[in-house]
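One structure is given below, encoded as structure tokens.
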């Protein structure tokens, strides 16, 4: 189809051949289906990161909001450095405790928007990490990246750190007899 010959134009041709009106460019809507109509826009649309589908706070598949639409992060090259950036961006300063692969927390219904993520680990946002072009991926539904963020480190001040790495109230000090004093 020749986009230039359509009435009420001008129109923009998407990479797969679809024609969209020029007013649809840079409008924070993925009209082309591959985000190409949202590239090279000087936009202040906020970038967001969240986790969904987890069993606890700070745990689940990683989703990013890019150009106004939520999408998934592919687990290709996904590692603890990438996950640490996600956690810190979401407000967990201790970073990531664990990474998960193969859609461990479901694949959601969104498209993949980030693939081949390669963070150094010191970035404050996923936007700063190297990655494939937005919306370009070779991922299947079973490749959504997931994370478990560290909620705290060690025991609180009023707790004792036992040899088995458990935290217990200081009033229940561990004794050498494999039981807790104060609980008999």
Give me the pairs, please: first residue somewhere in segment 70-93 and more than 13 Å from residue 144 (Cα to Cα), second residue anywhere and in a helix (DSSP H, G or I), beta-carbon distance under 7 Å, and either six or more positions apart or on two chains.
-> 85/126; 86/126; 89/126
Among (1) modelled with pLDDT of 85 or more; (2) surrounded by fewer than 15 Cβ atoms within 10 Å (Cβ to Cβ); (3) over 11 Å from the mean Cα position of the chain (by Cα); (4) not in a loop (DSSP other than H, G, I, E, B) - the single one residue 50 does not satisfy | (3)
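The values are calculated or read from the model by the stated rules, or taken from the named source; none is laboratory data. These figures come from a predicted structure and were not determined experimentally. When we count neighbours, we look across all protein chains shown, and the Cβ atoms used for this are built from the backbone with ideal geometry, even at glycine.
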